[in-house]
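Student: Quick one: the structure is below, and I'll ask about it shortly.
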Amino acid sequence: ALSSLIAKVRAELPTALPLNPAGEGGKEAVGSGESVASAAGSGKSSAKGSTKGGAKGGGKSGLGDALAFGMAEEDTPHGYQPVLVMPSVSPCFALGEVVMDLRCSARPLPAPPPPPVVPPFDLRLVLVGKSFSGKSDLAYLLAERFHLKQLSAAALLVEALDLATSVTMGHLDKATLLDAKADKEVELEMCELGHEATGCLNAGLAVSDQVYANLVLCGVKRACKENEERSREAARVSEAARLAAKMEAEMGEEPLSPDDVQIAAAQAAKDAADQIPALWIGWIVDDFPETEEQARLLERLLSGYDELRPEASRWDRESPLCRGAARPHRDLRAALEGLSGVDLVLHLDAGREEVLRRSLGRRLDPDSGKAYHLDTNRPPYDLVCKERLVEPVDPTAPMTHLALQLAAHDLAARKLGDFYETRFGNVRRIDSGTLSAPQVFAAAVNSIGEFLERQSEANNEEEGALPGSGGSGVPSRIGAPGAGSSLAGTAAELARSKEETGGEAFKEGDAFTPAPPQGPLAVSAPLAELLTSVWDAVEERVKEEAKRVFRALREERLSVSHHLHTLRVSFGDYLRRPDRKGAVAAAFLTAFNAVPYDLRGDPAVKVELGTRAEELRFSLWGLIEAKEGEARARLAAINENGWVQERIKVLERHFGLLIQLEVDRFTAALHVLFDYAQARLPPTPAALSARGGSPSPVAEGPLKPLGAGADDGGGKGKGKDKKGKGKGDEGPPAP
């Protein structure tokens, strides 16, 4: 029952079991819910040991074997061999999926934070690269070509500082409001950022990256406000010009037809609207971001993407006692494609020598204000002009800091490029060191053109896709294979329609839509909360008891280590105890040496000395036997003190408790799985007929043990009702 239950639950899971690849131990392995059901030992085939994917001659059966092994046929004389098809899936895979489903139903995942409100534009560009790599010139050319709003974080900071100084009593000055053609809200925000930047500068600190990112966002909002003002102004001017042209045409000397009047009014409105500056198509930033941290801040403000913020997923509700399916690998670039707040990041790559050559060759004529370069834009051959040329001074990027700026860029460039490339794939690299300025501009225009072409194709596909077409632009066929219909469902629908109409179900050419089969029901929130609380209580008890047992095992290990250390020390002392054999041998040698050398050849003396040597031998063997007896007595005392048996009993109790915890967990899992499956399975025909009041051949009720009758009526009087009945007197069959 458990095997078939988990097979049904497994069939409803969104992630299919991975199939065993061909050539790795077999041709085909268990991969679907039906295969798992058959391999789990549910039904006749499991009892025979010859299921699809089962072993010939008594194959493996049971839930753990079904989930851990698929039986694949190999070209070997042994026939079917078990092949591991899910090495990373735990035996409690189905239970883990059920627990995650219940927890998500009882306590839904928190909704992601709403994206920031940012004005939409068709083209959003960012230029990154070293100083003197040509970013400013390219930004100006691209802004002219595509009519983009050119933004500079440094210029916006200067404007914010000026606004901060113009504040009087917490309000903007009237002159500033009249001069600024932007919305008051944006001006106030920039004023607050200016106050924050002023505080940092007065404290001798650098302006924070957050201030720069917010200033860029203010520039984007200002561009949107300018577009709104231009749209309103164009509508007002065109309407006024249209009315004026219409009145002039009607009051003219030569009468005009109504169509000519309308044409003249429309042309006048168009000419008047053309006098208004065109709307900004997008924006471009050429000096921000410069580091990965700045890119994160800017992306968080433009699109709301923050990889440091944990993303809620169903795997956050996974139980440590039963792991479900492994967290799927997420292709970050594919998941975030098109979600960045920046459409393209143009990286101008120039070598260090080229940057130094460009920076050191600049010259400025203070009288005329013309800029020259000693390599690309030489000054005229005028000695007077050459004498008054000076090197330009840029307070934001002094020449003394150029080497440090290049070193800092080299350290941060790789991480900055990887941030956009690995996540959004919107980086385009242009070698501005070897290419000329027109070539760099042409490469940038080509990259932008390719992006706009892809955007146009994507928009056309979205507009061309019809409901039910699957994105192909062509409506899907009704009742096509794979659309949820089945032959059995179609036949049942035909029969039902024929009974209702009393004739043919439908004629040739008529459209027919079969009813989709009823899928699994959703678990109600109260039931999910109840089952979740049950499992949480079991999980908490198992964890606490397991911690207590493991703590006791650690203490037992320390006790055993201490006891063994004591034995080792005592054994060392035993080995180092004084030994009398040396003293006895030394006394024998002293007595032997005391015999004069001349007398040692006498036969009587030889007999005496041999007697003494034999006595020495008996004495030494007596000492050895006494020491052996003492050692055996000591070993027997150690073996018979009951310490090992006591430790074994303690370990048996601890592991017995762990086994009991596993049994309790298994029992609770059975109840949870049973209730979950009963709640999700659609009602049977018997239940539907019982609700309608008609008799049902199958009685609804709680499950009974195998072998128990529906109503056996007790032991002894079981067959009294049938006694004396003839062959044709049997009553109606028992339900």
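Student: Skipping prolines and chain starts, which residues have an amide H placed within reach, meaning under 5 Å, of the one on Tyr372, given they are 5 or more residues away or on another chain?
Tutor: Those lying under 5 Å, H to H, from Tyr372 are Arg363, Leu364, Asp365.
Student: Sticking with this one: Going by average Cβ neighbours within 10 Å, how do the peptides 565-574, 131-140, 409-418 rank, with the highest at the top?
Tutor: Output ranking for 565-574, 131-140, 409-418: 131-140, 409-418, 565-574.
Student: While we're here: Heavy atoms of the protein only, probe of 1.4 Å, neighbouring chains included. What is the accessible area of Leu589 in Å², nearest 10?
Tutor: Approximately 100 Å² for this residue.
Student: Convert each backbone phi in the stretch 576-589 into a coupling constant with the Karplus relation 6.51 cos²θ - 1.76 cosθ + 1.60 (shift: θ = phi - 60°), then list the ³J(HN,Hα) values in order as whole Hz, x for Gly and Pro.
Tutor: Result, ordered by residue: 8, 5, x, 10, 7, 5, x, 5, 5, 5, 5, 5, 5, 5 Hz.
Student: What ranking do 656-668, 153-165 get when scored by the average of other Cβ atoms within 10 Å per residue, highest first?
Tutor: Values: 656-668: 13.8, 153-165: 18.4.
Going from most to least packed, we get 153-165, 656-668.
Student: Another question, if that's okay. For the stretch 592-643, build the charge dipole from Cβ charges (+1 Lys, Arg; -1 Asp, Glu) around the Cα centre, then report which of Ala636, Ala594, Trp621 sits farthest towards its positive end.
Tutor: Ala636
Student: Given a cut-off of 21 Å, name the pairs among Lys135/Lys221; Lys149/Lys221; Lys221/Lys415; Lys149/Lys225; Lys581/Lys627; Lys543/Lys649 whose C-alpha atoms lie farther apart than that in the structure shown. Can you show the working numbers first?
Tutor: Numbers: Lys135/Lys221 23 Å; Lys149/Lys221 11 Å; Lys221/Lys415 28 Å; Lys149/Lys225 12 Å; Lys581/Lys627 11 Å; Lys543/Lys649 23 Å.
Those over the limit are Lys135/Lys221; Lys221/Lys415; Lys543/Lys649.
Student: When ranked by the protection proxy of mean other Cβ atoms within 10 Å per residue, highest first, what sequence do the peptides 358-364, 280-286, 106-112 form?
Tutor: Details: 358-364: 17.4, 280-286: 22.0, 106-112: 11.7.
Per-residue Cβ counts within 10 Å, averaged per peptide and sorted highest first, yield 280-286, 358-364, 106-112.
The values are calculated or read from the model by the stated rules, or taken from the named source; none is laboratory data. Since the structure is predicted, the reported quantities are computational estimates derived from the model, not experimental observations. Every residue, glycine among them, receives a Cβ derived from its backbone with ideal geometry; neighbour counts consider all protein chains shown. Side chains are part of the model used for accessible areas, which takes the heavy atoms of the whole protein and leaves out ligands, DNA and RNA. Shrake-Rupley method; radii C 1.70, N 1.55, O 1.52, S 1.80 Å.
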